[in-house]
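> My questions all concern the structure below.
The values are calculated or read from the model by the stated rules, or taken from the named source; none is laboratory data. All of these numbers come straight from a predicted model, not from anything done at the bench. Reconstructed Cβ throughout: ideal geometry from the backbone, glycine too, with neighbour counts over all protein chains shown.
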């Protein structure tokens, strides 16, 4: 009986070693999956987006949705939509988003929430900005710092990490294939 238990323990150890090896192998072998997805909107228009979850300095989660709309091979819109948890912050609309790079460059992106297809009830925690000019200026995958204007005159900071900037630049270059 004791020999049987020792055999199970030995097999259990080998099974654990094998399981750890497979997990480690798969962890390094899996390629990164881009989060750029195209969606047909009808009328020959395609919306392509990148979705990232970011955290502000208070550790609140924000969804950063960078999207462009393409119709007949021409970019119609290129926007950044930032969505925060309701009640966590109240965004000031009609004020631009401030963008800074690690190399000291500073840009602004105009607020376009009023012209978006979004419900006005979302105005407190959703911002939408025209990001076309910003994307055309991005030459590297350096992190970005966004300062979202708040109603009380302060701003809320979000950092866009290099991997997200890289994905955004891939979205800029994305071409619809018929």
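> Restricting the search to segment 59-71, which residues are touching a residue at least 12 places away in the same chain (Cβ under 8 Å), over 13 Å from residue 125 (Cα atoms) and more than 9 Å from the chain's Cα centre (by Cα)?
Once the filter is applied, which keeps residues that are touching a residue at least 12 places away in the same chain (Cβ under 8 Å), over 13 Å from residue 125 (Cα atoms) and more than 9 Å from the chain's Cα centre (by Cα), segment 59-71 yields 67, 68, 69, 70, 71.
> Does segment 144-165 hold any residues that are surrounded by fewer than 15 Cβ atoms within 10 Å (Cβ to Cβ) and under 16 Å from the mean Cα position of the chain (by Cα), and which are they?
145, 157, 159, 161, 162, 163
> Restricting to segment 94-125, and then to whatever is touching a helix residue (DSSP H, G or I) at 6+ places or on another chain (Cβ under 7 Å) and either modelled with pLDDT of 85 or more or assigned to a helix (DSSP H, G or I) (or both), can you tell me which residue is surrounded by the fewest Cβ atoms within 10 Å (Cβ to Cβ)?
107
> When residue 89 is evaluated against the numbered criteria (1) modelled with pLDDT of 90 or more; (2) over 30 Å from residue 40 (Cα atoms), which criterion, by number, is the only one it fails?
(1)
> Output the number of the condition that residue 141 fails; it satisfies all remaining conditions of (1) in contact (Cβ under 8 Å) with a residue 40 or more places away in the chain; (2) surrounded by 14 or more Cβ atoms within 10 Å (Cβ to Cβ).
(1)
> Another question, then. Identify all residues within segment 139-161 that are touching a strand residue (DSSP E or B) at 6+ places or on another chain (Cβ under 9 Å) and farther than 25 Å from residue 91 by Cα; write none if there are none.
Listed by number, the residues that qualify are 140, 142.
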